[in-house]
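Let me begin by presenting the structure, written as structure tokens, before commenting on it.
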Amino acid sequence: MPSKIMLTILGAGIGTWLIRVVPFLLVKAARLPKWVLQFLSFVPVAILTAIFVEGMLVYRPGQWPTVNPQNLIAAVPTVVAAIISKSLLVTVVVSVVSMAAVRALGWG
């Protein structure tokens, strides 16, 4: 492998690591006000909602987004399992099984 490629991969890895680790190191040393902590508590929910909705939609240039029927069908038991179990492992397993069933049955 040429050294330019290896250096590019190494640089990208270090850059990725730095932007993920440095904020934690800075916040760990500081004491954040209660309102900042309360605000930050909504970030994971907002991110997961954006990812979930983006997965439900199909984008085509020049058209409004439409719903992906396979993902919508598989999402129903996944959301129910997440609400009932409140377990990430259960939610992931149900989502994988649901999508496998939807594809095997040819739904959507």
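The values are calculated or read from the model by the stated rules, or taken from the named source; none is laboratory data. As the structure is a prediction and not an experimental result, all values here were calculated from the model. Counting neighbours? That spans all protein chains shown, and the Cβs are built from the backbone with ideal geometry, glycine included. Protein only, heavy atoms only, side chains kept; ligands, DNA and RNA dropped before computing areas. Shrake-Rupley method; radii C 1.70, N 1.55, O 1.52, S 1.80 Å.
If you fit an axis through the alpha-carbon atoms of helix 69-85 and take the longest principal axis of the Cα set of the chain, what angle between them do you get, 0 to 90°, nearest 10?
70 degrees
Under the definition of Cα pairs under 8 Å and six or more residues apart, what whole-number percent is the relative contact order of the chain?
16 percent
Test of understanding: express the Cα radius of gyration of the chain as a ratio to 2.2 N^0.38 Å, with N the residue count.
Here the answer is 1.54, to two decimals.
If amide hydrogens are placed 1.01 Å from N in the peptide plane, which non-local residues have theirs closer than 5 Å to the one on residue 57?
68
Roughly how many Å² is the accessible area per residue of the chain, as a whole number, for a 1.4 Å probe? Numbers along the way, then the final one.
On the way: 9040 Å² over 108 residues.
Each residue of the chain exposes 84 Å² on average to a 1.4 Å probe.
Given labels modelled 7 Å from the Cα in the Cβ direction, how far is it in nm from residue 20 to residue 5?
Between residue 20 and residue 5, the simple spin-label model gives 2.3 nm.
Mean residue ellipticity at 222 nm from the helices of the chain, using -39,500 (n - 2.57) per DSSP H segment of n ≥ 4 over the full residue count, to the nearest 500 deg cm²/dmol?
After summing the helix terms and dividing by residue count, I get -25500 deg cm²/dmol.
What is the percent carbon and sulfur in the accessible area of the chain, measuring with a 1.4 Å probe over the protein chains and ignoring ligands?
Looking at the chain in its full context, I get 77 percent from C and S.
Using alpha carbons only, how many degrees (0 to 90, rounded to 10) separate the axis of helix 43-56 from the longest principal axis of the chain?
40 degrees
Can you tell me the 0 to 90 degree angle between the C-alpha axis of helix 88-105 and the longest principal axis of the chain, rounded to 10?
The angle comes out at about 40 degrees.
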